[in-house]
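A.B. asks: Quick one: this structure, given as structure tokens, is what I'll be asking you about.
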Amino acid sequence: MDRGKLVSAALVFSIASLMAIMPPLTGLFQWHARFFGLPIEVIYLFCAWAGMVVGAFLLARAMPRDPPSPDAPGGTG
Amino acid sequence: MLSADLVIATAIAYVGLLFLIAYVGDRRTRNRPGGLLRSPLVYTLSISVYCTSWTFYGAVGSAARNGLEYLAIYLGPTLVFIGWWFILRRLVRISHEQRITSVADLLSSRFGKSSRLAVLVTVIAVIAIAPYIALQLKAVTSSIQAIAGTSEMARGRLTGIDEVGLAFGIAAGMALFTILFGTRNVDAKEQHHGVVAAIAFEAVVKLTALIAVGVFVIYAGGGFEGIFSTAEAAGVEIYSSDTFGTRWVAMNLLSFAAIICLPRQFQITVVENSDENHLRTASWAFPLYMLAMSLFILPIALYGLTSMPEGANPDMFVLTLPLFAGHESLALFAFIGGFSSATSMIIVESIALSIMVSNHIVMPVVLRLASDARASDGRGVSRLLLNSRRFSIVLILALGFAYFYLTRDSDALAPIGLISFAGVAQFLPAILAALFWREASIKAATAAVAVGFVVWAWSSFLPSFESTSTTVAAIMAKGPWGITWLRPEALFGLEGLDPLVHAVFWSLFLNTATLAVVSLLTSRSALERLQTNLFVNVFGRTSGSGQTFMRGSAAVNDLFFVAQRVLGDERAVALFGNEASESGQVWTDLEPTPAFIGRLERELAGSIGAASAHVMLSKVVSGDAISLEEVMQMADETQQAIEYSQQLEKTSAELRSTADQLEIANRQLRDLDQAKDEFLSQVSHEVRTPMTAIRAFSEILLEAEDLKGAEREKFISTIHKESLRLTTLLDEILDLSALERGERGWENQPVDAESVLEQAVHVCHALARQRAMTIRLARRAKAATVSADPDRLGQVLINLISNAIKYNSTEHPQVTVSSRIVDGAYCVEVADNGPGIAKAERGKIFEKFYRGRRAGAALTGAGLGLAISRQIVARMNGKLELIEGTRRGACFRVTLPLLKAEAMAGE
């Protein structure tokens, strides 16, 4: 993927993550039911969170590298 | 048996271990850059300083009281990190380039290196963080008391020491520890590798401790199923009915802001970052760390609620659950985990705040007081910096303790932390504007932060003293001086909201509105505009920031003196030596270039902040220092001068070209004037000859009365002939002048040129016979329609043919007339076999009165025939020219364009 697409993908991913943990989407999972002993909304939030981690992991590997700073301080600065 | 003495001894031993790790870490990074200590792993672990004892103890308390709400504190930062590309990446790059050392430095640098804004941000940060420090003190105090409270025996040496005394002891110990830890030396980049190593170690300790307690709880409670079922049976609300409301949104927003704005997070994530790419790893690893930390919080809370006796503090479940179950070693581990999270927070927070206080408050004051930076006593700026930092650390912990003391009656941990979060969140609008909005101005940023702070202090900070102060309680209930719409938790009459949501809404709303409106109403200074470009366009620039505001003529010794004081001997020598070797000059003769002074300013900024570095260097090179405004003004003036001179140049070029045109016109006029004179003199001459003859003959006729009839007749006929010639001449002159001025009415019409030619040849036959010569008709065009005046065309052809007849003096004179069609044009050529026209005369024969020197030819014409002919042909869009004939003699050619249809047919 080219740089523009990747950056757009990162933005879409961030916004989708934000929406996933905000009402009204979170309201979809308030069922008053349990699965493996855990309330559904707990499972949903942790799954969404894990999804963010996985997405961020994939994006971190894919995102383009920035050119070094033109006047970066010498060494490892 | 676990006692207070034992845990305190363990805590001290643990601190010793941390100190050792920091010491080794510092030495290892100094000797060998890179390696594990500068790896993305250690970087990520150190960022987890975000998880303090608020997380370790408070999250369980929060989950016990409000269910899933505690997750909001970790989801906000998760969003910031998975969106690292948009905010954190920019912050890190900008901070590396500009040697930013803190949030205050960041905002000050972006908004024109303003020291006022830096001071404001620093003061707000110190005040807003006080509750957070108090939270840590409270957590550690409570944890020690929880252990001490198990039995009379367990109190040990704590007997007789109350909560406040214990907290004071902890605060003092922490201050001492932080001073030893963080202020051993001043690093130019404000990086503390040893501290980071210790923090990373603590991150591992607190995570394993919390997971260990979590595993224990899951095991003891019979798995998730068992814990949730028991809780549901005991009447605990396990489903979140109203979790995802406004409070959820507000807490997510606050934690989003906190991970960027908290001084310690900025210090660890941005300032201590040694490689921009570490952020890539942290973008997923840090959310993963928080996920792991949060995983067992809810089960621990629910298990605590069902298994612990009524009235047990839920904030201490992590510690009291294993203690209650008799797992003393696990309880000790949990204590160390909680202690770890508190110490790491306090260490990094007070280091970060002390850098802000010393760089933005103490240093500027000292610099202002000392009339000359060089005249300050010999201890150097470096020492001064360290002392001011030590003082700041003591001040910060004292403030934290004071807050703890004043609010000691409130019990829950989480609300205290949220007060701090809401306080530092006031920086968020300004930071985002600094990164993304060019129009944001210093006045707007200062006003916005100030307004946000005041609203926060009124609606969030003040209410926390409600339980200890009756004045505050009265204000809360009735408003100040009875003004009800100013009640802290119902500002402007907005009632019924959760106090946190209320405070967050009003403070951030008014903050952002002020930022936007004031930015639109004010303009930015020159320095602000420069800095804006460096910030907003950080990844778009290709050349160096190279902004230098000093002339390059400062004495190298003065500069070195300053560098030595601030950076230390070693670094100063390295910096100047490097410059000397790069420029190929001897060290002592070094001429500091503006670029070098700029680099020096950045290096200094890394130690004492951008604003202070600017002031300091301005002072040292005061003899030569010019303000940026002056530079910009000079640049403006130069630009104006350049534009003005360009205008002048343009105008003078125009003038030159006009003058050239005038000169050409003048020359033409002179030529014309001369031509007119010549013409007049020629005309006079031409007129005079016949007039003389007429006069002479008429005088003879008048005076000589004895003239014979034949003679008289001859004279009269001569007079008549000369009069005719005169009339013809005048007619021709009039004709020519009318043609030249275009006065004569002229109408071209389609004409068959061949018949006109036929006619002309016919007319000339008589003259030819008179001269005993022939007109030879050579090749002829069949038919040619041209646009012409037939009479005039005939006149031209007759003139040419008759000239050819008249001026032919050879023995067998002959005139050849031919016509043809060439390239859509009709050509008539009239050639004779006479003497021809000398080369020198060829250019002149079309001039007026030029007759040519044709040997033996009688001068019968006025010399206007060819001039008139040429004018006529020109009026018919044709061409009359003298060409090189195939034989000797002259050859004239008339070329007339064919009418279009005719041209097509002819080709």
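The values are calculated or read from the model by the stated rules, or taken from the named source; none is laboratory data. Please read all numbers here as calculations on a predicted model, not as lab measurements. Reconstructed Cβ throughout: ideal geometry from the backbone, glycine too, with neighbour counts over all protein chains shown. Side chains are part of the model used for accessible areas, which takes the heavy atoms of the whole protein and leaves out ligands, DNA and RNA. Shrake-Rupley method; radii C 1.70, N 1.55, O 1.52, S 1.80 Å.
A.B. asks: B:Leu707 is checked against (1) in a loop (DSSP other than H, G, I, E, B); (2) within 18 Å of B:Val796 (Cα to Cα) and fails just one. What number does that condition carry?
C.D. replies: (2)
A.B. asks: On to the next question. Determine the pairs where a residue that is of a type in the set (D, E, K, R), located within region B:865-882, has a partner that is at pLDDT below 85 with Cβ atoms under 6 Å apart, the partner being 6 or more residues away or on another chain.
C.D. replies: B:Arg870/B:Phe846; B:Arg875/B:Trp746
A.B. asks: Also, quick follow-up: Look at B:Tyr43 and say whether it is within 14 Å of chain A (Cβ to nearest Cβ), crowded, with 24+ Cβ neighbours inside 10 Å, more than 35 Å from the chain's Cα centre (by Cα) and on the phi < 0 side of the Ramachandran plot. Working first, answer last.
C.D. replies: Values: within 14 Å of chain A (Cβ to nearest Cβ): yes; crowded, with 24+ Cβ neighbours inside 10 Å: yes; more than 35 Å from the chain's Cα centre (by Cα): no; on the phi < 0 side of the Ramachandran plot: yes.
No: the conditions fail for B:Tyr43.
A.B. asks: Here is a further query. (1) in a loop (DSSP other than H, G, I, E, B); (2) surrounded by 20 or more Cβ atoms within 10 Å (Cβ to Cβ); (3) touching a residue at least 12 places away in the same chain (Cβ under 8 Å): which one isn't true of B:Phe244, the others all being true?
C.D. replies: (3)
A.B. asks: Based on this model, can you work out whether B:Ala231 counts as part of a helix (DSSP H, G or I), out of contact with any Leu (no Cβ under 6 Å at 6 or more places or on another chain) and more than 9 Å from chain A (Cβ to nearest Cβ)? Spell out how you get there, then give the answer.
C.D. replies: On the way: part of a helix (DSSP H, G or I): yes; out of contact with any Leu (no Cβ under 6 Å at 6 or more places or on another chain): no; more than 9 Å from chain A (Cβ to nearest Cβ): yes.
So B:Ala231 does not fit the description; no.
A.B. asks: Output the helices (runs of 4 or more DSSP H) that fall wholly within region B:389-458 and possess 1 or more residues being open to solvent by 30 Å² or more (accessible area, probe 1.4 Å) and assigned by TED's automatic domain parsing to the domain that holds B:Ala64, or say none.
C.D. replies: On the way: elements: B:414-424, B:428-436, B:442-456.
Ranges flagged: B:414-424.
A.B. asks: If only one of B:Phe333, B:Phe317 is within 58 Å of the chain's Cα centre (by Cα), assigned by TED's automatic domain parsing to the domain that holds B:Val217, open to solvent by 10 Å² or more (accessible area, probe 1.4 Å) and modelled with pLDDT of 90 or more, which one is it?
C.D. replies: Exactly one residue qualifies, and that residue is B:Phe333.
A.B. asks: Also, quick follow-up: Give me the pairs: first residue in region A:19-33 and at the interface with chain B (Cβ under 7 Å from one of its Cβ atoms), second residue open to solvent by 40 Å² or more (accessible area, probe 1.4 Å) and at pLDDT 90 or above, beta-carbon distance under 8 Å, and six or more apart or on different chains, which are they?
C.D. replies: Close Cβ pairs (under 8 Å, with a partner that is open to solvent by 40 Å² or more (accessible area, probe 1.4 Å) and at pLDDT 90 or above) amount to A:Met22/B:Val249; A:Pro23/B:Val249; A:Thr26/A:Tyr44.
A.B. asks: Go through region A:38-50 and report how many residues are loosely packed, with under 15 Cβ neighbours inside 10 Å and either at pLDDT below 90 or within 7 Å of chain B (Cβ to nearest Cβ) (or both).
C.D. replies: 1
A.B. asks: Looking at B:Ile297, B:Ile211, which one is touching a helix residue (DSSP H, G or I) at 6+ places or on another chain (Cβ under 9 Å), closer than 22 Å to B:Tyr57 by Cβ and within 14 Å of another protein chain (Cβ to nearest Cβ)?
C.D. replies: Numbers: B:Ile211 fails: within 14 Å of another protein chain (Cβ to nearest Cβ).
Selected residue: B:Ile297, the only one of B:Ile297, B:Ile211 that is touching a helix residue (DSSP H, G or I) at 6+ places or on another chain (Cβ under 9 Å), closer than 22 Å to B:Tyr57 by Cβ and within 14 Å of another protein chain (Cβ to nearest Cβ).
A.B. asks: Would you confirm, using the coordinates I've provided, whether B:Val249 is more than 18 Å from B:Ala59 (Cβ to Cβ), open to solvent by 30 Å² or more (accessible area, probe 1.4 Å) and within 11 Å of another protein chain (Cβ to nearest Cβ)? Let's see the steps before the verdict.
C.D. replies: Working: more than 18 Å from B:Ala59 (Cβ to Cβ): yes; open to solvent by 30 Å² or more (accessible area, probe 1.4 Å): yes; within 11 Å of another protein chain (Cβ to nearest Cβ): yes.
Here the answer is yes, as B:Val249 does meet what is asked.
A.B. asks: Let me confirm something: among B:Leu323, B:Leu302, which residue is assigned by TED's automatic domain parsing to the domain that holds B:Ala134, modelled with pLDDT of 90 or more and in a helix (DSSP H, G or I)? Reasoning before the result, please.
C.D. replies: Working: B:Leu323 fails: modelled with pLDDT of 90 or more.
Result: B:Leu302 is the single residue among B:Leu323, B:Leu302 that is assigned by TED's automatic domain parsing to the domain that holds B:Ala134, modelled with pLDDT of 90 or more and in a helix (DSSP H, G or I).
A.B. asks: Determine if region B:258-271 includes at least one residue that is touching a residue at least 24 places away in the same chain (Cβ under 8 Å), closer than 30 Å to B:Ala130 by Cβ, under 56 Å from the mean Cα position of the chain (by Cα) and facing chain A (nearest Cβ under 9 Å). Full working, then the answer.
C.D. replies: The first filter runs over region B:258-271 and keeps only residues touching a residue at least 24 places away in the same chain (Cβ under 8 Å), leaving B:258-271.
Still in the list and also closer than 30 Å to B:Ala130 by Cβ: B:258-271.
Of the ones still in play, those that are also under 56 Å from the mean Cα position of the chain (by Cα) are B:258-271.
Narrowing further to those that are facing chain A (nearest Cβ under 9 Å): none.
For region B:258-271, residues touching a residue at least 24 places away in the same chain (Cβ under 8 Å), closer than 30 Å to B:Ala130 by Cβ, under 56 Å from the mean Cα position of the chain (by Cα) and facing chain A (nearest Cβ under 9 Å): absent.
A.B. asks: Have a look at B:Gly67, B:Gly61, B:Gly35, B:Gly25 and point out the one that is free of Cβ contacts under 8 Å to residues at least 12 places away in the same chain and either assigned by TED's automatic domain parsing to the domain that holds B:Phe296 or within 17 Å of B:Ile347 (Cβ to Cβ) (or both).
C.D. replies: It is B:Gly35.
A.B. asks: Can you find a residue in region B:76-86 that is within 11 Å of another protein chain (Cβ to nearest Cβ), within 28 Å of B:Tyr303 (Cβ to Cβ), touching a Pro at 6+ places or on another chain (Cβ under 6 Å) and crowded, with 24+ Cβ neighbours inside 10 Å?
C.D. replies: There is at least one residue in region B:76-86 that is within 11 Å of another protein chain (Cβ to nearest Cβ), within 28 Å of B:Tyr303 (Cβ to Cβ), touching a Pro at 6+ places or on another chain (Cβ under 6 Å) and crowded, with 24+ Cβ neighbours inside 10 Å.
A.B. asks: So, restricting to strands (runs of 3 or more DSSP E) that lie completely within region B:775-846, which ones have at least 2 residues that are touching a Ser or Thr at 6+ places or on another chain (Cβ under 8 Å)?
C.D. replies: Working: elements: B:785-788, B:814-822, B:825-832.
Once the strands (runs of 3 or more DSSP E) in region B:775-846 are filtered for at least 2 residues that are touching a Ser or Thr at 6+ places or on another chain (Cβ under 8 Å), what remains is B:814-822, B:825-832.
A.B. asks: Going by the structure shown, is B:Leu386 more than 30 Å from B:Phe461 (Cβ to Cβ) and modelled with pLDDT of 75 or more? Reasoning before the result, please.
C.D. replies: On the way: more than 30 Å from B:Phe461 (Cβ to Cβ): yes; modelled with pLDDT of 75 or more: yes.
It is true that B:Leu386 is more than 30 Å from B:Phe461 (Cβ to Cβ) and modelled with pLDDT of 75 or more.
A.B. asks: Next question. Only one residue in B:Leu68, B:Leu120 is on the phi < 0 side of the Ramachandran plot and over 34 Å from the mean Cα position of the chain (by Cα). Which one? Before the answer, list the steps.
C.D. replies: Numbers: B:Leu120 fails: over 34 Å from the mean Cα position of the chain (by Cα).
It is B:Leu68.
A.B. asks: Picking from B:Glu732, B:Glu754, which residue would you name as being under 29 Å from B:Val815 (Cβ atoms), crowded, with 18+ Cβ neighbours inside 10 Å and not assigned by TED's automatic domain parsing to the domain that holds B:Val873?
C.D. replies: Numbers: B:Glu754 fails: not assigned by TED's automatic domain parsing to the domain that holds B:Val873.
Being under 29 Å from B:Val815 (Cβ atoms), crowded, with 18+ Cβ neighbours inside 10 Å and not assigned by TED's automatic domain parsing to the domain that holds B:Val873 holds for just one of B:Glu732, B:Glu754, which is B:Glu732.
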